[in-house]
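Asker: Would you mind keeping the following structure in view while I ask a few things?
The values are calculated or read from the model by the stated rules, or taken from the named source; none is laboratory data. Keep in mind that this is a model prediction, so the values were computed, not measured. Counting neighbours? That spans all protein chains shown, and the Cβs are built from the backbone with ideal geometry, glycine included. Just so you know, the surface numbers come from the protein's heavy atoms only, side chains and all, with ligands and any DNA or RNA stripped out. Shrake-Rupley method; radii C 1.70, N 1.55, O 1.52, S 1.80 Å.
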Amino acid sequence: LHRNLGESVTVAAEDGSHWLLLEWQRCILLKGQIMAYLMGIDVSTTGSKALIINEKGEPVASVVHEYPISTPRPNWSEQNPADWWEATVHSIREAIEEAEITAARIACLGLSGQMHGLVLLDKSDRVLRPAILWNDQRTGAECEDMARIIGREHLIEITCNPPLTGFTAPKILWVKKHEPEVYDKAARILLPKDYIRYRLTGAIATEVSDASGTLLFDVPGRCWSEELLQKLQIDRRLLPDSFESPEVSGKISASAAEETGLAEGTPVVGGGGDQAAGAVGNGIVKTGAISATIGTSGVVFAFSDSPKVDLPKARTQTCCHAVPGKWHIMGVSLSSGGSLRWFRDCLSQYEVAQAEFRSIDPYEVMTEEAAQAPPGSEGLLFLPYLTGERTPVIDPDAKGAWVGLNVRHTKGHLIRSVMEGVAYSLRDSLEIMKEMGIEVREIRVSGGGARSSLWRQIQADIYNHPVVTTTATEGPAFGVALLAGVGSGLFSSVEEACEATIKVVSETKPTRENVEIYERYYALYRGLYGALKETTQGIAGIISSAKKTT
């Protein structure tokens, strides 16, 4: 068995003892007699990543397959769950091949994914409609209904969050109101990563960090709220059972093993919503640790021993952490890396062509141009509200804008102003957390904003605080791989897993001259939303009227 695990499992399967030998094999892996591996899967907004790490936390394979986003109407955002599954299957198979290991040596698997998305299955477990995503803004009326039915303050008391358009419960109410024929067929409600869990294991389950973002979860109590379900008339039987993040929630089924190449019976832990999982992957598991992550959205994330809430304004979100018995506070900017991606896709054809010619990433070319512009972009400010906004303003109709344009501005100024605008928006969340009394000892940056030295410096200057990067660069997939290590027994706790595998590798300190410039511009940035609100509401009204007449 020690010499050839894969062959032994195959032989054992022929005499009906496959499951027993798999368990014996995992005992040998976990006793350290041979190297064990862990897998993390992240079903993000843009693609599905499969990551394999060894027991030291070192990545040995990482594969991503992308999929499209559909925007059938303004402010709508949807995806086909079948695309998630197809991408996940390909990523898993290629990661195992890249790692050059037998799948049986993967001791455990963890799942992460974009939060808040709504997946509806019928009684035959078939998908009823495209998934409605976290950045979909169609549910303003449903949020108002929730506040009226439950009471805004009481809703925050139970869920630690205000009614937000991105959350899951308003989406459920929207389908119930606008697509009753679909809702009547619904037998299960799942979040994106939990749909992949179902396809992998057959288990209908979720975990506390992702469930916290539904507006149906008692966040202080870490369980579904029977009161909210009753008042909103949502059948509890539609919802999955909830686990703590490192708990085993299911095992790889025979059919999934055949499709993915994983070993049947491999345990799968609860995992985490992408933000909680990414925080674990960045070591945000103790008081004073803050992360600033720039992905499609931008998130400032703080660890907490208790469920603190920004009252009475509730500008931040409070959820259960992926660390059992702990919570986290986060501020979310909906279009952070998404703003720079929009610029790349719509306005950077030259940079994309140059990148292809030079065999580098288009963002590298864009960053080179941005570096030619000075701090503050010579008075050009960018408001990154391309898909509405969540923190510090809760406004699905908020719009993006450039303010201060003049003939001196080049494309480099435009790109740098986008990077600066994103950092300003994340500073908004940091300022709120300071008001809440949250200690900020260390800011760990990750995502696209950490890969660029220019963007790291911009963040350090705008936050007026040193920012650090760590050895962990694989984001949520790495975090849930560590959770899988806890669930399999390789680590005794999430804290131990992070301490053993994550180290600080760089620090970027603020530059005094730049800080002074950015302080003045940040004061102006903070006034932009209020100055433009009446205009953006008027734009939203015209768009809404046009939709009704077409």
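Asker: Restricting the first residue to the range 238-254 and requiring it to be over 16 Å from residue 267 (Cα atoms), which pairs with a second residue that is open to solvent by 40 Å² or more (accessible area, probe 1.4 Å) and not in a loop (DSSP other than H, G, I, E, B) meet a Cβ separation below 8 Å and a spacing of at least six or different chains?
Answerer: Listed pairs, sorted by first residue: 238/188; 240/188; 242/223.
Asker: Under 30 Å from residue 185 (Cβ atoms), open to solvent by 40 Å² or more (accessible area, probe 1.4 Å) and in contact (Cβ under 8 Å) with a residue 60 or more places away in the chain: is that true of residue 227 in this structure?
Answerer: Numbers: under 30 Å from residue 185 (Cβ atoms): yes; open to solvent by 40 Å² or more (accessible area, probe 1.4 Å): yes; in contact (Cβ under 8 Å) with a residue 60 or more places away in the chain: yes.
In short, yes.
Asker: Sticking with this one: Step by step: first the residues of the range 147-159, then only those that are closer than 19 Å to residue 393 by Cα and among the hydrophobic types (A, V, I, L, M, F, W, C), then the one that is surrounded by the fewest Cβ atoms within 10 Å (Cβ to Cβ). Which residue is that?
Answerer: Looking at the filtered set, the residue picked out is 147.
Asker: Quick one: how many residues across the range 478-516 are assigned to a helix (DSSP H, G or I), within 30 Å of residue 379 (Cα to Cα) and open to solvent by less than 60 Å² (accessible area, probe 1.4 Å)? Break it down stepwise before answering.
Answerer: Let us first name the residues in the range 478-516 that are assigned to a helix (DSSP H, G or I), namely 478-488, 494-501, 512-516.
Keeping just the survivors that are within 30 Å of residue 379 (Cα to Cα) gives 512-516.
In the following step, the residues that additionally are open to solvent by less than 60 Å² (accessible area, probe 1.4 Å) were identified as 514-515.
Residues flagged as assigned to a helix (DSSP H, G or I), within 30 Å of residue 379 (Cα to Cα) and open to solvent by less than 60 Å² (accessible area, probe 1.4 Å) within the range 478-516 amount to 2.
Asker: In the range 354-412, which residues are of a type in the set (S, T, N, Q), within 28 Å of the chain's Cα centre (by Cα) and over 22 Å from residue 461 (Cβ atoms)? Walk me through how you get there before you give the answer.
Answerer: The first filter runs over the range 354-412 and keeps only residues of a type in the set (S, T, N, Q), leaving 354, 359, 367, 372, 377, 387, 391, 406, 410.
So of that shortlist, the ones also within 28 Å of the chain's Cα centre (by Cα) come out as 367, 387, 391.
Selection gives 387 alone.
Asker: So for the range 283-294 (the condition being modelled with pLDDT of 95 or more, surrounded by fewer than 24 Cβ atoms within 10 Å (Cβ to Cβ) and more than 18 Å from residue 48 (Cα to Cα)), does at least one residue qualify?
Answerer: So far as the range 283-294 goes, no, none of its residues is modelled with pLDDT of 95 or more, surrounded by fewer than 24 Cβ atoms within 10 Å (Cβ to Cβ) and more than 18 Å from residue 48 (Cα to Cα).
Every residue, every condition in (1) open to solvent by 10 Å² or more (accessible area, probe 1.4 Å); (2) within 28 Å of residue 333 (Cβ to Cβ); (3) in contact with a helix residue (DSSP H, G or I) (Cβ under 6 Å, 6 or more places away or on another chain); (4) not in a helix (DSSP H, G or I), yes or no:
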| residue | (1), (2), (3), (4) |
| --- | --- |
| 119 | no, yes, yes, yes |
| 142 | no, yes, yes, no |
| 145 | yes, yes, no, no |
| 161 | no, yes, no, yes |
| 170 | no, yes, yes, no |
| 175 | no, yes, yes, no |
| 181 | yes, no, no, no |
| 186 | yes, no, no, yes |
| 206 | no, yes, yes, yes |
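Asker: Would you call residue 266 over 30 Å from residue 222 (Cα atoms) and either open to solvent by less than 10 Å² (accessible area, probe 1.4 Å) or among the hydrophobic types (A, V, I, L, M, F, W, C) (or both)? Walk me through it before giving the result.
Answerer: Details: over 30 Å from residue 222 (Cα atoms): no; either open to solvent by less than 10 Å² (accessible area, probe 1.4 Å) or among the hydrophobic types (A, V, I, L, M, F, W, C) (or both): yes.
Here the answer is no, as residue 266 does not meet what is asked.
Here is a yes/no grid of residues against (1) within 16 Å of residue 110 (Cβ to Cβ); (2) modelled with pLDDT of 95 or more:
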{"position": "456", "(1), (2)": "no, yes"}
{"position": "460", "(1), (2)": "no, yes"}
{"position": "468", "(1), (2)": "no, yes"}
{"position": "471", "(1), (2)": "no, no"}
{"position": "478", "(1), (2)": "yes, yes"}
{"position": "491", "(1), (2)": "yes, yes"}
{"position": "501", "(1), (2)": "yes, yes"}
{"position": "512", "(1), (2)": "no, yes"}
{"position": "524", "(1), (2)": "no, yes"}
